[in-house]
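Heads up: the structure comes next, in structure tokens.
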Amino acid sequence: MIIREQENNLLLITQPHHAALSGTFAEHWKVTAFRGFDQLEEVLYTVRNHDRCWEEVDKTPRWNPETEQPYSFENYPEQPKIRFYTQGLDCMERDHPYPALLCSKHFASFYVSCGETEGREFYRLEQLRQERLIGRLGLRKQDLEEVAFHFHLLQFCDNLSLFICLNEEGKNQHPWFQKGFANSEKLGIDARPVKADWNDPDTVRILPFPFDEPFAVELEYRELPKRFPDQETLSRLWEEAPVQKKRIHFRGG
């Protein structure tokens, strides 16, 4: 669950919806800036479905007794989180080896410098998975440059979706994006990282603009109180809360 804390309430966005928004960004990517067209459909599938491992989990938010708030993806307990990642990748590897390779690189990147035993072991096992998938797919050294591009595109689309999920409309306050999107300079758009900022409460401006034309998406969310006495109350209020929509436009300079 992605959670944005507001003054009087919490705004909750499911991970699968966030991934669907990421997929929309990938679909609008500038054709002349895309690499590896033979894998286009696989890449679009990857970006749209990269958080399917959270699908069952996000049907109902999980209550954190220490904060009396729902767990977000940022503070979700590490052991079950790694288990979700592993199970999702296992499932994807069976039917979609190329998306599994990209998602493995994506999830493993969260644990590159992890000091915890579970995180280090997850990273090690995902390196082995990636080697196995590269062999299964018959990828050569020159193919791995396209793999790197597709992986960085997944990262960018994921981060742009998180930008609109975590930032209050019209405000550029979340620290993750203050200096632009990590590794976006590797996408061939510009030598500098791509940056986004709110032009107004309904419009995000992106420089340089990596898409074919301006477009809009609908962010879906539910609003809940800030505190809950127990899981039962959280689950009931989640079910009762209507899904709200916010239309957000994207344009260049």
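The table below gives the values:
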{"read-out": "Sorted by Cβ neighbour density within 10 Å, fewest at the top, the residues Glu7, Glu239, Glu42", "value": "Glu7, Glu239, Glu42"}
{"read-out": "Arg251-Gln231 pseudo-label distance in nm [points 7 Å out on the Cα-to-Cβ vector]", "value": "4.8"}
{"read-out": "Coarse-grained scattering of region 84-125 at q = 0.26 Å⁻¹, given as base-10 log I(q)/I(0) from a Debye sum over alpha-carbon atoms", "value": "-0.86"}
{"read-out": "Alpha carbon convex hull of region 206-245, projected area averaged over orientations, nm²", "value": "4.6"}
{"read-out": "Debye log10 I(q)/I(0) for region 1-150, one point scatterer per Cα, at q = 0.09, 0.10, 0.15 Å⁻¹", "value": "-0.33, -0.40, -0.86"}
{"read-out": "Region 119-182: trypsin sites (Lys or Arg not before Pro) in DSSP loop, at most 14 other beta carbons within 10 Å", "value": "Arg140, Lys141, Lys171, Lys179"}
{"read-out": "Per-pair calculated FRET efficiency, R0 = 22 Å: Thr32 and Arg205 via Cβ, rounded to 0.05", "value": "0.60"}
{"read-out": "Likely footprinting exposure, Ser113, Ser235, Ser184, fewest C-beta neighbours within 10 Å first", "value": "Ser113, Ser235, Ser184"}
{"read-out": "Gyration tensor over alpha-carbon atoms, region 94-170, equivalent ellipsoid semi-axes in Å", "value": "25, 18, 10"}
{"read-out": "Footprinting exposure proxy for Leu234, Leu207 (fewest neighbouring C-beta atoms within 10 Å first)", "value": "Leu207, Leu234"}
{"read-out": "Modelled FRET efficiency - R0 51 Å, Glu68 with Arg140, Cβ distances, 0.05 increments", "value": "0.45"}
{"read-out": "Label-to-label distance, nm, for residues given as Gln173 and Thr117 (7 Å Cα→Cβ offset)", "value": "4.0"}
{"read-out": "For region 1-81, radius of gyration divided by Kirkwood radius, i.e. Rg to Rh on alpha-carbons", "value": "1.10"}
{"read-out": "Summed side-chain charge close to Val204 - residues other than Val204 whose Cβ falls under 14 Å, Lys, Arg +1, Asp, Glu -1", "value": "0"}
{"read-out": "Per-bin percent of Cα-Cα distances, region 2-251 [5 Å]", "value": "1, 6, 13, 17, 18, 17, 14, 9, 4, 2, 0, 0"}
{"read-out": "Approximate spin-label separation Glu7-Ala241, in nm, with each point projected 7 Å along Cα-to-Cβ", "value": "1.9"}
{"read-out": "For Arg62, residues with placed amide H under 5 Å, excluding near neighbours", "value": "Tyr71"}
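Since every read-out is calculated from the coordinates, none of them should be taken as a lab result. Predicted model only: the values in this text are computed from it and were never measured. Using ideal geometry, Cβ is built from the backbone for each residue, glycine included, and neighbour counts are taken over all protein chains shown.
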